[in-house]
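K.L.:
A single structure is presented below for examination.
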Amino acid sequence: MGKNLKDKTAQPILFDPAKESVDEFAKRWPVERVIDNYSELLEELFLIRNPKYRFNKDHKADFKKFANAHVGTCNLEEVGRWFYFPWNRLLVHYLENALHQELRTARNKNIITAAEQKKFYDFTVGIGGLSVGSHVALTLVMMGGAKKIKLADPD
């Protein structure tokens, strides 16, 4: 039943559907749940790039063109990135990193410029003390802040 999870890795594992099926992957790693909201994420990206459709639900034809251009000749399951989280046995389908970051930071674009967001994302942020600092760390992660965060707490 897959690898022994007592020696859990702290890193997610990349799953490549072009090389093996979910069933084959599940023979090596126990998958309890698959989250594949890729089409919803892609539609949200479309709406961010085309705000005129945000409150006009008559965008299905234009979204279909956008999605077809994005997917190309591939199957929807083959685009994007799949990550397996062994500590909770979860397999998740994400947008590619640049698109994922665009989606996560779209609501920040009126606060800081794209260049500033890129600079911030490439920084390593250090947070000392997790009593109050935990809120800062959580906000950074949720808002698409720094890619690397170092935490320090004496407890």
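K.L.:
With θ taken as phi - 60° and the coefficients 6.51, -1.76 and 1.60, list the Karplus ³J(HN,Hα) couplings across the range 98-105 in order, rounded to whole Hz; mark glycine and proline as x.
P.N.:
Working through the residues one at a time gives 5, 6, 4, 5, 4, 5, 5, 9 Hz.
K.L.:
In whole Hz, what ³J(HN,Hα) sequence does the range 119-129 give by Karplus (6.51, -1.76, 1.60; θ = phi - 60°), x for Gly and Pro?
P.N.:
Listing the rounded values in order: 4, 4, 4, 7, 6, 9, 9, x, 10, x, x Hz.
K.L.:
Along the charge dipole of the range 68-155, Cβ charges K/R +1 and D/E -1, which of Phe83, His100, Gly133 sits furthest on the positive end?
P.N.:
Towards the positive end, the residue furthest out is Gly133.
K.L.:
Let a ≥ b ≥ c be the square roots of the eigenvalues of the Cα gyration tensor of the range 95-155; is it rounded (a/c under 1.5), or, if not, prolate (a/b larger than b/c) or oblate?
P.N.:
Because a/c hits 1.5 or more and a/b exceeds b/c, the range 95-155 counts as prolate.
K.L.:
Next up: Scan around Tyr94 for amide H atoms under 5 Å from its own, H built in the peptide plane at 1.01 Å from N, and keep only partners 5 or more places away or cross-chain.
P.N.:
It is Arg81, Trp82, Phe83, by chain and number.
K.L.:
So if I place +1 on the C-beta of Lys and Arg and -1 on the C-beta of Asp and Glu, and nothing else carries charge, what would the dipole magnitude of the chain be about its Cα centre? I want it in debye, nearest 20. Please report the intermediate quantities before stating the final value.
P.N.:
Details: 24 positive and 20 negative charges, 63 e Å.
That gives a dipole near 300 debye.
K.L.:
Moving on to the next point. Taking Lys148 as the anchor, which aspartates and glutamates have their alpha carbon closer than 17 Å to its alpha carbon, excluding any fewer than eight residues away along the same chain?
P.N.:
In chain and number order, the partners are Glu116, Asp122.
K.L.:
Classify the chain: rounded, prolate or oblate, from the alpha-carbon gyration tensor (a ≥ b ≥ c, eigenvalue square roots; a/c under 1.5 rounded; otherwise prolate if a/b is larger than b/c)? Spell out each step's value before the answer.
P.N.:
Working: a/c = 2.46, a/b = 1.06, b/c = 2.31.
Cα axes put the chain in the oblate bin.
K.L.:
May I pose another question? Can you find, among Leu151, Cys74, Ile111, the residue farthest towards the positive end of the dipole of the range 69-155? Put +1 on the C-beta of Lys and Arg, -1 on that of Asp and Glu.
P.N.:
Positive-most Cα among the choices belongs to Ile111.
K.L.:
Hey, another quick one. Do any GluC sites (Glu not before Pro) in the range 52-155 lie in a DSSP loop with no more than 15 other beta carbon atoms within 10 Å, and if so, which? Intermediate results must be reported in sequence, preceding the final value.
P.N.:
Numbers: sites: Glu77, Glu78, Glu96, Glu102, Glu116; in loops: Glu96.
Listed in order of number, the matching sites are Glu96.
K.L.:
On to the next question. If you find the alpha carbon centre of the range 126-152 and of the range 59-107, how far apart are they in angstrom?
P.N.:
Cα centroid of the range 126-152 versus Cα centroid of the range 59-107: 26 Å apart.
K.L.:
Once you sort the root eigenvalues of the Cα gyration tensor of the range 51-102 as a ≥ b ≥ c, which label holds: rounded (a/c under 1.5), prolate (a/b larger than b/c) or oblate (the other case)?
P.N.:
On the way: a/c = 2.62, a/b = 1.82, b/c = 1.44.
Since a/c reaches 1.5 and a/b is larger than b/c, the shape of the range 51-102 is classed as prolate.
K.L.:
Loop sites only, by DSSP: take the chymotrypsin sites (Phe, Trp or Tyr not before Pro) in the chain that have at most 15 other C-beta atoms within 10 Å and name the longest stretch containing none of them.
P.N.:
Details: sites that count: Phe55, Trp87, Phe123.
Between the exposed loop sites, the longest stretch runs 1-54.
K.L.:
Once ligands and nucleic acids are excluded and a 1.4 Å probe is used, how much of His93 is accessible, expressed in Å² to the nearest 10?
P.N.:
0 Å²
K.L.:
Around Asp16, under 12 Å between beta carbons, what's the net of Lys plus Arg minus Asp minus Glu among the other residues?
P.N.:
Working: positive: Lys19, Arg81; negative: Glu20, Glu24, Glu77, Glu78.
Summing Lys/Arg as +1 and Asp/Glu as -1 gives -2.
The values are calculated or read from the model by the stated rules, or taken from the named source; none is laboratory data. What you see is a predicted model, and the numbers here were worked out from it, not measured in a lab. With ideal geometry, Cβ positions are generated from the backbone for all residues, glycine too; neighbour counts draw on all protein chains shown. The accessibility values were calculated without ligands, DNA or RNA, using every heavy atom of the protein model including side chains. Shrake-Rupley method; radii C 1.70, N 1.55, O 1.52, S 1.80 Å.
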